[in-house]
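Presented below is the structure to which this report refers.
The values are calculated or read from the model by the stated rules, or taken from the named source; none is laboratory data. Since this is a predicted model, take the numbers as computed values, not measurements. FYI the Cβ positions are ideal-geometry reconstructions off the backbone, even for glycines, and counts take in every protein chain you see. We work out accessible area using only protein heavy atoms, side chains counted, and drop any ligands, DNA or RNA first. Shrake-Rupley method; radii C 1.70, N 1.55, O 1.52, S 1.80 Å.
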Amino acid sequence: MVRERQTEVAVVGGGLGGIAAALAALRLGRRVILSEESPWLGGQLTTQIVPPDEHPWVEAIGRTRSYADLRERIRAYYQRGYPLIPDARADVRLNPGQGAVSALCHEPRVALAVIEEMLAPFASGGQLVVLTDHAPISVDADGDRVTAVTLRDKRGGGEIIVTAPYFIDATELGDLIELGGVEHVIGAESREDTGELHAVEGVAAPLDQQAISWCFALDYRPGEDHTIDRPAAYDTWCEYQPDFWPAPLFSWTDVVPMTLEERTEPIFAAPDSPRGGVHQDRWNYRRILSVAHYQPGTFASDITVVNWPQIDYWGGPLLGVPAADRDRHLAQSREQALSFLYWMQTAAPALGGATGYPGLRLRPDVTGTSDGLAMRPYIRESRRILAETRVVEAHVGVKARTLAGLPDGAERYHDSVGLGSYRIDLHPSTGADGKPRTYVDVSSYPFEIPFGALIPQRVDNLLAGGKNIGTTHITNGCYRLHPVEWNIGEAAGAAAAFALDHGVDPRGIRADLGLLHDYQLVLTAKLGVGLHWPVWARTIRN
């Protein structure tokens with residue numbers, strides 16, 4: 001059965017960029033259809049179970065008003081409904097999991113509840129239609145305009161053809177870009193092309209793509225045995241040692257991404273680590289629930305997310321390969337994750353000279369799945385549009401700008417639509433010719449998001465709404481994080497609404513300085529989006 005639905009702004013992809021795009025268009029009075037191929041909205045925060053990677057000033061600046069609202073609602077959810085101790089309940093900057101990676105480590109279901117709460121008034125009023133478990137399968141176009149996107153209901157409910165004046169691709173891998181024949185790149189551009197200090201030498205390597213990670217959630221029940229069945233590929237993974245790694249991948253030894261120096265960091269630094277202990281260990285890094293915040297006896301164990309180097313999968317790319325190869329890499333990534341868990345349960349060096357932690361227990365209730373793995377792999381790199389503006393390393397990288405004789409601070413854009421700040425952080429990648437390469441992790445300045453990076457060079461009514469903007473393999477490393485993706489989506493949703501209000505496509509808005517100013521005023525005055533960093537922050541080095 002094929003049905004048709006019409007709306008004003010169609011947002012395909014319900015990750016953070018898609019949610020922010022939908023909210024912006026809705027708050028500016030437009031009707032929206034928001035689709036997502038997974039059962040949950042939320043992307044990185046929920047289906048990929050990755051706590052937010054943020055810059056150190058996110059509590060005050062460098063985030064949009066709606067992203068700040070998301071964060072405060074997550075805190076309020078815990079303070080309103082969980083049996084917190086008085087100090088935690090009164091803490092205006094409560095970190096629910098006390099994880100080291102973020103000031104707001106939290107459970108994916110809490111993020112999902114908050115996202116649904118933010119969208120609920122618009123859905124109840126009929127202004128918003130949300131279609132979960134719907135994947136895009138085709139795009140229709142008339143010349144340089146997208147006319148329709150067909151979505152397939154993965155639960156067996158047929159297909160829906162969505163028509164709209166404006167479309168936003170907020171999918172994790174830039175699926176509309178591919179389906180619609182929108183000009184784009186994948187993988188690593190060459191240094192000759194981009195002039196980037198850390199780009200690959202010689203020719204471009206489209207199949208050199210950042211590792212994916214199939215994350216999972218654990219608690220720890222000492223004295224109990226929750227050992228999983230031995231994965232079929234366990235021996236292969238247990239013996240694997242990359243050329244650029246100082247030890248077998250399944251060990252507590254890896255490298256510091258910024259320096260590539262060897263380090264050893266166990267899962268637990270002390271016996272109290274899994275019960276609210278604050279130590280420098282892997283358990284603490286992405287912990288999403290800490291028993292230290294709760295009345296005694298409420299929880300027997302913390303909950304942590306395993307998103308560590310040992311589960312980074314660089315065995316092959318997801319983009320630019322046949323579907324059978326993509327599916328094989330996804331399956332191998334899952335097998336790698338389960339094999340690492342089995343290694344931790346049975347073979348890992350443990351406290352007190354023991355071997356293995358059989359009390360490590362998968363938490364499928366946390367991930368919303370039957371097997372305890374996340375619903376979706378953590379995706380770091382997408383297809384990227386050939387955009388009106390391409391952000392290259394010399395626009396944001398500290399060393400690249402210094403060598404080029406450019407002033408301290410990132411590039412200033414007249415068409416800025418938002419802000420971000422993070423290191424240029426590339427995990428090991430699939431490499432060229434099947435030879436994986438190690439981290440690229442270099443310093444950058446707090447940066448701006450140019451409107452031109454959201455606009456394809458040719459297609460008039462499609463906007464990039466996430467990791468698919470006009471960055472490069474290198475600069476994607478700092479534009480891919482949670483608050484930046486949210487800001488990109490919010491700018492895209494606002495641009496679609498503004499375009500409908502004024503009868504001018506986004507390209508025309510950017511080309512007309514008066515319209516561009518008015519659009520930026522909508523971002524700042526109505527949505528609380530910052531466009532430029534304060535002077536004191538511009539030259540800080542991440």
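Scanning segment 211-230 for residues that are within 24 Å of the chain's Cα centre (by Cα) and open to solvent by 10 Å² or more (accessible area, probe 1.4 Å) yields a total of 2. Being among the polar types (S, T, N, Q) and under 18 Å from the mean Cα position of the chain (by Cα) is a property that holds for ASN476. Of all residues in segment 374-396, those being of a type in the set (D, E, K, R), within 30 Å of ASP133 (Cα to Cα) and open to solvent by 20 Å² or more (accessible area, probe 1.4 Å) number 2.
Listed here are the residues, each with its yes/no results for (1) free of Cβ contacts under 8 Å to residues at least 60 places away in the same chain; (2) closer than 22 Å to GLN48 by Cβ; (3) of a type outside the set (A, V, I, L, M); (4) surrounded by 18 or more Cβ atoms within 10 Å (Cβ to Cβ).
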| residue | (1), (2), (3), (4) |
| --- | --- |
| LEU360 | no, yes, no, yes |
| THR367 | no, yes, yes, yes |
| GLY372 | no, yes, yes, yes |
| VAL398 | no, no, no, yes |
| TYR413 | yes, no, yes, yes |
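For THR524, the criteria (1) over 21 Å from LEU16 (Cβ atoms); (2) open to solvent by 30 Å² or more (accessible area, probe 1.4 Å) hold in every case but one, which is (1). The set of residues in segment 147-161 being within 26 Å of the chain's Cα centre (by Cα) and open to solvent by less than 60 Å² (accessible area, probe 1.4 Å) consists of VAL149, THR150, LEU151, ASP153. Against the numbered list (1) within 30 Å of LEU34 (Cβ to Cβ); (2) surrounded by fewer than 20 Cβ atoms within 10 Å (Cβ to Cβ); (3) in contact with a helix residue (DSSP H, G or I) (Cβ under 9 Å, 6 or more places away or on another chain), VAL255 comes up short only at (1). Restricted to segment 1-21, and to residues there that are loosely packed, with under 14 Cβ neighbours inside 10 Å and of a type outside the set (Val, Ile, Thr), the residue that is nearest to ALA68 (Cα to Cα) is GLN6. Which residues, counting only those in segment 471-521, are closer than 18 Å to LEU23 by Cβ and among the acidic types (Asp, Glu)? Within segment 471-521, GLU485, GLU490, ASP501 meet the criteria.
Condition check ((1) closer than 28 Å to ILE449 by Cβ; (2) open to solvent by less than 10 Å² (accessible area, probe 1.4 Å); (3) modelled with pLDDT of 95 or more; (4) within 22 Å of the chain's Cα centre (by Cα)) across all residues:
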| residue | (1), (2), (3), (4) |
| --- | --- |
| TRP40 | yes, no, yes, yes |
| GLN48 | yes, yes, yes, yes |
| THR64 | yes, yes, yes, yes |
| GLU72 | yes, no, yes, yes |
| PRO83 | no, no, yes, no |
| GLY97 | no, yes, yes, yes |
| ALA100 | yes, no, no, yes |
| LEU104 | yes, yes, yes, yes |
